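Everything below concerns the one structure shown next.
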Amino acid sequence: MNLETLALVEIENADEIFAVYGEASGEQFLRTFEDRVRQLARPCDKIIKMQPHKLCLLLRGIHDPLQIQLAGAKLTRLFEPPISILDEEVKVTVHAAFIPPAEDCPDTTTRLRLAESSLSEARKNGEPFVIRDAAAGGTPTAVAMKRAREVEVAFEQGDFVMYFQSQVDAGSRNVVAAEGLMRWDDPENGVRPPSDFLPFVESLGLMRSLTWFALKSSVSQCAAWPEHISVAVNISPRVLLDAELVPHVQDALAIFGLAPERLTLEITEDAVIEDPDQALIMLNELRATGVKVSMDDFGIGYSSLAYFRDLPVDELKVDRSFVSNMLEHPKDRKIVKAIIDLAHNFSMRVVAEGVEDNETADALQELGADLLQGYWFSKPVAEAEFRKLL
Ligand code: C2E
Ligand code: CA
Ligand code: CA
């Protein structure tokens, strides 16, 4: 089966723009149109010019309805800013038709024909884009589309906030750190967890901006806490490889005057597996700034002891899935013990997360965990609440 989604993208008011602004400005305008459409494509995608104001894209590997909805949402967003022509800001109306891969419609000519008719449907109904596929027309994708748009608006309005969950010293049980966990403070539906927005954030390409926000916000709050309290920020795999991460970390520390050792960046194994060489370079650069690096969700990935040896990491976080059942399941307890011993052999600190009762906390302390985190001590709470725990 052909796993490309075919997309036709067209400007509705191109003729009008040519008539009003003339040939030369019209050409410039079409180039801007093409540039913006290109931002939807990746290097592996094909772009074919059907007509000056109509482009066809073959989006490789894009096939499920949600991905296509997100591509449509991105396209709509790309054309929200007007295009400048002769010092005037002109609003451009763009329509698109997406034809997902389907077994019963394999050849491009047939799919193009379907795309053309879907495009005129979109024009007629004034819709920014349509997806012509029986499976994609139903409610679930309409809901996903609406959600993606809501997330974008929430981000523009600054409705995301950092919550903080305490980490306590396993021996004294005093709070020594906090993990920053993002929340969507939705004026209509209340405080919403990352599972409600992170999938969309990633697909809408907002992850970097959101991470810079999480960093600044966590660092600024931590600077106001007592000096022995540090803060941890989650960094997604792609952001770890971003050249701007190190400068952003340095800026945040400098602006708020936080000592680098009070900031920990939590990364996951996928980041290292995806591109080990680059990840290693980034981790070393980060550690050169003085911040600490923690390996989150340890134990559930594809951990290989071979890469572990060279990994510049200060801390391991034992995944919650092993911790929550360790009292009932001796095998889980053995895994937790093995991870703690491994970490200590490499001079790393161990945080056990998902501690929901005192018995588990005691067992973890006995096994040698350094820090404990979980609902037993505190759920993630707003900063003002967290401060009361100190
Ligand atoms: P994570 O980094 O593994 O964060 C720990 C999650 O476990 C949090 O879920 C926390 O609320 C939850 N948790 C903590 N203690 C307990 C416990 O005792 N029992 C149970 N059942 N759960 C516990 P949350 O806040 O929903 O975050 C989910 C994930 O979203 C995080 O998993 C992290 O991967 C991601 N995330 C959250 N904030 C950010 C952020 O600012 N940036 C990035 N890149 N990812 C974030
Ligand atoms: Ca984490
Ligand atoms: Ca975790």
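The values are calculated or read from the model by the stated rules, or taken from the named source; none is laboratory data. Small disclaimer: the values here were computed from a predicted structure and weren't measured. No Cβ is skipped: glycine too gets one built from the backbone with ideal geometry, and neighbour counts run over all protein chains shown. Note: accessible area is taken over every heavy atom of the protein model, side chains too, but ligands, DNA and RNA are not part of it. Shrake-Rupley method; radii C 1.70, N 1.55, O 1.52, S 1.80 Å.
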Under the rule rounded for a/c under 1.5, else prolate if a/b exceeds b/c, else oblate, using alpha carbon gyration tensor axes a ≥ b ≥ c, the range 36-79 is classed as oblate
What whole-number value in Å² describes the accessible area per residue of the range 53-134 for a 1.4 Å probe? 48
Where both residues lie in the chain, what percent of DSSP beta bridges are antiparallel, nearest 5? 60
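If you place +1 on the Cβ of every Lys and Arg, -1 on the Cβ of every Asp and Glu, and leave all else neutral, what size is the dipole of the chain about its Cα centre, to the nearest 20 Debye? Kindly include the intermediate steps, with their values, before the conclusion.
Details: 39 positive and 63 negative charges, 37 e Å.
The calculation lands at about 180 debye.
Rounded to the nearest 0.05, what FRET efficiency do residue 259 and residue 172 give with R0 = 22 Å and r taken as the Cβ-Cβ distance? Could you check? Let's see the in-between values first.
On the way: r = 22 Å, r/R0 = 0.98.
It comes to 0.50.
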Cα-based shape type of the range 325-381, given that a ≥ b ≥ c are square roots of the gyration tensor eigenvalues and the cut on a/c is 1.5: oblate
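Once you've got the Cα coordinates, tell me which of 337/388; 334/388; 146/292; 146/216 are over 31 Å apart. Please report the intermediate quantities before stating the final value.
Working: 337/388 33 Å; 334/388 36 Å; 146/292 38 Å; 146/216 29 Å.
Pairs exceeding 31 Å: 337/388; 334/388; 146/292.
When the convex hull of the Cα atoms of the range 239-301 is projected onto a plane and the area is averaged over all directions, what value comes out in nm²? All intermediate terms of the calculation are to be shown ahead of the outcome.
On the way: hull surface 16.5 nm².
If I average the Cα hull's projected area over directions, I get 4.1 nm².
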Let me check the size of the chain from its C-alpha atoms; what are the radius of gyration and Dmax in Å? 25.2, 79
GluC sites (Glu not before Pro) restricted to the range 153-245 and DSSP loop, no more than 12 other C-beta within 10 Å: 188, 227, 244
Could you work out the helix-only [θ] at 222 nm for the chain, with each DSSP H run of four or more residues adding -39,500 (n - 2.57) and the total divided by the number of residues, to the nearest 500 deg cm²/dmol? -13500 deg cm²/dmol
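Could you report the range 157-246's accessible area per residue, 1.4 Å probe, as an integer in Å²? Write down the numbers at each step before the final one.
On the way: 3510 Å² over 90 residues.
For the range 157-246, the per-residue accessible area is 39 Å².
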Under 17 Å from the residue 390 label point (7 Å along Cα→beta-carbon), backbone N, the range 165-182: 165-169, 174-181
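Taking 51 Å as R0, compute the FRET efficiency from the Cβ-Cβ separation of residue 51 and residue 362 and round it to 0.05. Present the calculation step by step, with values, prior to reporting the outcome.
Numbers: r = 72 Å, r/R0 = 1.41.
E(calc), rounded to 0.05, equals 0.10.
Per 0.36 nm of contour for each residue apart, how much would the distance between residue 42 and residue 124 grow if the chain were fully extended, relative to their Cα-Cα spacing? Spell out each step's value before the answer.
Working: separation 82, 0.36 × 82 = 29.52 nm, distance 2.96 nm.
Here the answer is 26.6 nm.
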Longest the chain segment clear of trypsin sites (Lys or Arg not before Pro) sitting in DSSP loops (not H, G, I, E or B) with at most 14 other Cβ atoms within 10 Å runs 174-308
Using a 1.4 Å probe on the protein chains only, how many percent of the accessible area of the chain belongs to carbon and sulfur? 51
Reachable lysines, given that their alpha-carbon falls under 25 Å from the alpha-carbon of residue 49 and they are not under 8 places away in the same chain: 74, 91, 124
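Around residue 81, under 15 Å between beta carbons, what's the net of Lys plus Arg minus Asp minus Glu among the other residues? Write down the numbers at each step before the final one.
Numbers: positive: 36, 74, 77, 91; negative: 35, 80, 88, 89, 152, 156.
Neighbour charge sum, excluding residue 81 itself: -2.
Suppose the chain between residue 188 and residue 375 were pulled fully straight at 0.36 nm per residue; how much longer would it get relative to their current alpha carbon spacing?
Numbers: separation 187, 0.36 × 187 = 67.32 nm, distance 2.62 nm.
Value of the extension gain: 64.7 nm.
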Between residue 224 and residue 328, what FRET efficiency comes out of the Förster formula 1/(1 + (r/R0)^6) with R0 = 51 Å and r the beta carbon distance, rounded to 0.05? 0.80
Percent breakdown of C-alpha pair distances by 10 Å bin, ordered from the shortest bin, for the range 264-390: 12, 41, 32, 14, 0
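Per 0.36 nm of contour for each residue apart, how much would the distance between residue 19 and residue 64 grow if the chain were fully extended, relative to their Cα-Cα spacing?
Full extension of this stretch gives 12.2 nm more.
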When only alpha-carbon atoms count, how far does the range 34-118 stretch along each of its three principal axes, as whole angstroms with the largest first? 48, 25, 23
Shape of the range 149-281 from its Cα gyration tensor (a ≥ b ≥ c, root eigenvalues): rounded if a/c is under 1.5, otherwise prolate when a/b > b/c, or oblate? oblate
